[in-house]
Amino acid sequence: MDAPSSPSSPPPLKPSSSPPDALTKALIPVGRSGWAIAAGYLGLFSFLVLPAPLSLLVSIIALWHIRHRSKIGRPLGGIGRALFGLIMGVIGTALVAWWGFPALSSDPI
């Protein structure tokens with residue numbers, strides 16, 4: 001027999017069986033690869049140029065992880081974040097190579 005609840009306590013929450021809507025899935029990274037989440041944030045910070053090569057590496061790992069999980073029947077989301085990190089990593093790494101390496105190899109006047 002259940003104990004009577006006090007009038008000031010809220011009713012117990014029922015577990016939600018409906019899938020989250022698109023906005024919730026976009027804002028809360030549930031069911032996504034951790035690598036993809038990291039790649040997305042590193043892609044955002046690749047404008048600072050320093051984490052761009054790391055963003056490139058983590059994005060490649062994220063894409064492999066997402067593909068691997070799909071093959072074993074336990075798919076994860078996050079491919080958009082991983083692709084964003086990859087694109088920003090490529091752009092940032094190209095900027096590092098273009099601006100960084102010529103400055104290091106030039107002779108001071």
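In the neighborhood of residue 34, defined by Cβ-to-Cβ distances under 13 Å, what is the net charge if each Lys or Arg adds +1 and each Asp or Glu adds -1?
With Lys, Arg at +1 and Asp, Glu at -1, the net is +3.
If you consider only alpha-carbon coordinates, what radius of gyration and Dmax does the range 47-87 have, in Å?
Both quantities, over Cα of the range 47-87: 11.3, 37 Å.
Quick note: the coordinates plus some simple rules give every number you see, no bench work behind them. Model, not experiment: these values are computed from the prediction. Virtual Cβ from ideal backbone geometry, glycine too; neighbours counted across all protein chains shown.
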